[in-house]
Amino acid sequence: MKPQPSHLETSLPAEVMQTLSEGTYIQLVLSKPIEKRTSAWKKVMVRPVILKDTLHFQIALSKGQQEVHENLLPAEAVQRIVELWADHFREGYLYTQVADSHFQKTKQGTVRLKTHAPTKAKPLQAESHNRSKQYLIPEGTPCAFLEAIGVMSEAGKVKSAQYRKFRQINRYLEFINDIVPGLPKTGELQIVDFGCGKSYLTFATHYFFTEVLQREVQITGLDLKRTVVEHCQSIADQLQCRGLSFQTGDISQFDVSLQKCDLSISLHACDTATDAALASAIQSEASVIMAVPCCQHEIFQQITSKPLEGLLQHGILKEKTAALVTDALRSLALEICGYRAQVIEFIDTEHTPKNLLIKAVKRQSELSVRDLHELVGQYESLKGQFGIESFYLERALGARFRELCESSR
C-alpha cells in the first residue's frame, strides 16, 4: 500500500489558507504533479467568476489537451483546492492584489513559502458567464480617441467592421492593467512605445492611465515613418492628449540617457528592432517591459542542430523554431538582467492570430549567485544546442551583460 503523506506535507500554509477562505485572490495555480502517470492532472488554475449573479471559483484541471472545469461556491472551492494540493501537487502560486506567494513541498516534509511583490492587478470584477463582457473601455460609451481612429461612432457605438480592433484594444489594456503593480505608485509615469506605428494602442495606453487610473504620464511614441508620426501627433493635438507626443527615430539610436523609462512597450517591432527596444529598456532600468516580437530572421540564419535535422530541414518549421528560440533567449537575458519574465499569448485567438507577449517586471532584490548561475547556464546551453554564436540583444547590452554572465561562473 502506498504510504500516505504526512500532515506537514499536505497542509497549505496558513497565510494561503486565510486568503483562500476570504476569497480575495486573483488567481491560484497548482503545478508539478506528484504522480508521473499520463492520466494524472498536470496543472490546476483557479479564478473567480460570476454565475447567476453569485460569486463562484472556476477550477480548471489540465492534462495533455484535456481541460475540465468545475465551478464551485467559495467554501466548496477551498475544500477542493485543499484536496488537490494534498493528493496531487508539489508547487503552487497564489496571486493577490498585495503579493505573489510561491509555496512548495520539500523533501524534509515541510511546505516552504516565499512572497514577492504583486505582478497582477485586481480585476475590476470577477468575469461573468451570464453577462456581456465588461471592457475597460466600455461599449456604448463615447471615447474620443476611438472615434478619432475610426473604431467608434460619435455616439459610442462600435462600428461593425472595427469590432475586432475594439476587442484587441481592450484585451491589450487587460495586460496593461495586470502590470500596474510593477510600476511606481506615485509621480508622473514615463512610458516609451518603441515602433508605435499607427499608434491606436499608444492612444489606448494614454487613455487607460489618464482617464481610468487618473495618473500623470509622459508617453513618447517612436517610429521611423515621418508621415505616420505626423498623423499621430495631429490626432494627439486635436484630442488635447496631455503628456502624449510622437517622435521620428530609429529604435536602435534611442538615447536612454536622455529619458527615464518606467514602462517600455514594443509591439510588433520587426526582427532585431525588438532587441533594440529591449536593450534600451534594460539600460534605462525600466520597471516593466512589454514586447510582442514579429518576423524574427537573425537567429534563423544561424540556427543548426544535428539532433533536430529532421525538424530544421523544413523551412516553415525551422522559422517557427527560430522564433521560439529567439524569444526564449530574450526572456532568459531579461531574467539575467534582473527581471521576472513571462511569455504569454497576447490576443485571444478567436479574434486575431496568435502572438507571444514577453512581459518582464523588474525584481525588487538582486538575484542570488546560485540563481544567476542557473540562468546563465540555461542561456548558454540553449545557444549551444542550436549553434548560436551571439544575437543582437546580447551585443546591444554589451559589457554589462557580459560581466553578469562572467560573474556567475
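Numbers at a glance
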| item | result |
| --- | --- |
| Residue in the stretch 169-191 that is in contact with an Asp or Glu (Cβ under 7 Å, 6 or more places away or on another chain), modelled with pLDDT under 90 and among the basic types (Lys, Arg) present | yes |
| Subset of the stretch 277-303 that is touching an Asp or Glu at 6+ places or on another chain (Cβ under 8 Å) and in a helix (DSSP H, G or I) - its residue that is farthest from residue 119 (Cα to Cα) | 302 |
| Candidates 306, 318 - the one that is modelled with pLDDT under 95, exposed (fewer than 14 other Cβ atoms within 10 Å of the Cβ) and out of contact with any Ser or Thr (no Cβ under 9 Å at 6 or more places or on another chain) | 306 |
| When residues of the stretch 157-199 are limited to those that are hydroxyl-bearing (Ser, Thr, Tyr) and surrounded by fewer than 23 Cβ atoms within 10 Å (Cβ to Cβ), the one nearest to residue 117 (Cα to Cα) | 186 |
| In the stretch 82-126, residue modelled with the lowest pLDDT [restricted to those that are part of a loop (DSSP other than H, G, I, E, B) and charged (D, E, K, R)] | 122 |
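The values are calculated or read from the model by the stated rules, or taken from the named source; none is laboratory data. Please read these numbers as outputs of a predicted model, since none were measured by experiment. Neighbour counts run over all protein chains shown; Cβ positions are idealised from the backbone, glycine included.
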